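Okay, so here's the structure we're looking at.
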Amino acid sequence: MDFIEKYELAYRMGVSKGFAPTQIQGMTSEEIERVACEQGVNLPVSYVKFLEFCGKSRGGILGAQDIYFPDLCGIKDAAMEVLSDGGDEISLDGYIVFMMHQGYVFYCIDSESEDPQVFGYSSVESGGLVAEGVGFSEFIEHILIEGF
């Protein structure tokens, strides 16, 4: 069972137990292509699955994070500014910036593998990209089900 199937199961179980259903909305293939063009790379399979499932809305979860379309447009440029503010000269070529938190923390993945490792960066702690120790699907599974 992949991370989207696990989320769908948890979602259905919650609704069946009386939790209010939330608005979940995926992105169109044209919107996904726009994100790929802005990032300048091909998008990994796991990230495309996420965008197709809930790339526009996960119904209130991650409200303080820039992770949904259209906030994804320009997010890589914003991440470059965060790097500059932290005093770090790190290239994001070949990376996809998929989430930003309050303008000083961002998360990225490389574009080379199906379920790439997640790296984080904070301008407060600066120094470089930090491996989160999990792949994208596990990272997203955790935040979709448990919150950020």
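The values are calculated or read from the model by the stated rules, or taken from the named source; none is laboratory data. It should be emphasised that the depicted structure is a prediction, and the values quoted were computed from it without experimental measurement. Reconstructed Cβ throughout: ideal geometry from the backbone, glycine too, with neighbour counts over all protein chains shown. The area values use the complete protein model at the heavy-atom level, side chains included, leaving out ligands, DNA and RNA. Shrake-Rupley method; radii C 1.70, N 1.55, O 1.52, S 1.80 Å.
General remarks:
- Of the strands (runs of 3 or more DSSP E) contained entirely in region 95-148, those carrying at least 1 residues that are within 22 Å of GLY40 (Cβ to Cβ) and open to solvent by 70 Å² or more (accessible area, probe 1.4 Å) fall at 117-122.
- Residue, modelled with the lowest pLDDT, within region 1-37, restricted to residues that are basic (Lys, Arg) and surrounded by 14 or more Cβ atoms within 10 Å (Cβ to Cβ): LYS6
Residue by residue, here is whether (1) closer than 27 Å to GLU33 by Cβ; (2) of a type in the set (Phe, Trp, Tyr); (3) at pLDDT below 95 holds:
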site	(1), (2), (3)
ASP77	yes, no, no
GLU89	no, no, yes
TYR107	yes, yes, no
ASP110	yes, no, yes
PRO116	yes, no, no
GLU138	yes, no, yes
ILE145	no, no, yes
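- Some residue of region 55-71 being surrounded by fewer than 19 Cβ atoms within 10 Å (Cβ to Cβ) and in a helix (DSSP H, G or I): no
- Selection within region 38-51 - part of a loop (DSSP other than H, G, I, E, B), touching a Ser or Thr at 6+ places or on another chain (Cβ under 6 Å) and crowded, with 17+ Cβ neighbours inside 10 Å: VAL41
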